[in-house]
1. ³J(HN,Hα) across segment 63-68 via Karplus (A = 6.51, B = -1.76, C = 1.60, θ = phi - 60°), whole Hz, x for Gly/Pro?
2. Could you grab the relative contact order for the chain? Cα pairs under 8 Å, six or more apart, rounded to a whole percent.
3. Using only DSSP helix segments of four residues or longer, with each worth -39500 (n - 2.57), what per-residue ellipticity at 222 nm results for the chain after dividing by its residue count and rounding to 500?
4. Counting only other residues whose beta carbon sits under 15 Å from that of Asp58, what net charge do I get with K and R as +1, D and E as -1?
5. Given a 10 angstrom Cα cut-off, can you work out which residue in Ala16, Ala34, Ala25 is the most mobile in a GNM of the chain?
Amino acid sequence: MNTTTADVLEVKVDTAQQLEERLNAAVRSLQDVATRTRAHGILVTRLNPGHYTVSLSDSVPFGVTREQSR
C-alpha cells in the first residue's frame, strides 16, 4: 500500500487475500481520519484489476463507505 496524499491511499495487490487485507487496512486507516473531521465518507475505486484507491470523499456521507469502478 502506498500513500499518495493524507486522504488518498493507493492499494496494489496480486492475490485475492492481499486484496481483502490491504483494502480493509486502508479503509480502517481513513476511518480514523474521517472520525476526527466527521465531514467525509470513504470511497473505494477500482482502477484496474489489482489496483485501487481508497479516499476520503465529500460526495460520500460521513460513516459510509462506497465502492465504484472506473
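1. x, 10, 10, 10, 10, 8
2. Across the chain, relative contact order equals 31 percent.
3. -11000 deg cm²/dmol
4. +1
5. Ranking Ala16, Ala34, Ala25 by mean-square fluctuation puts Ala16 first.
Each value in this text was obtained by applying a stated rule to the coordinates, not by laboratory testing. This one's a predicted model, so the numbers in the text were calculated from it and none came from an experiment. Methodologically, a virtual Cβ is constructed for each residue, glycine included, from the backbone with ideal geometry; neighbour enumeration extends over all protein chains shown.
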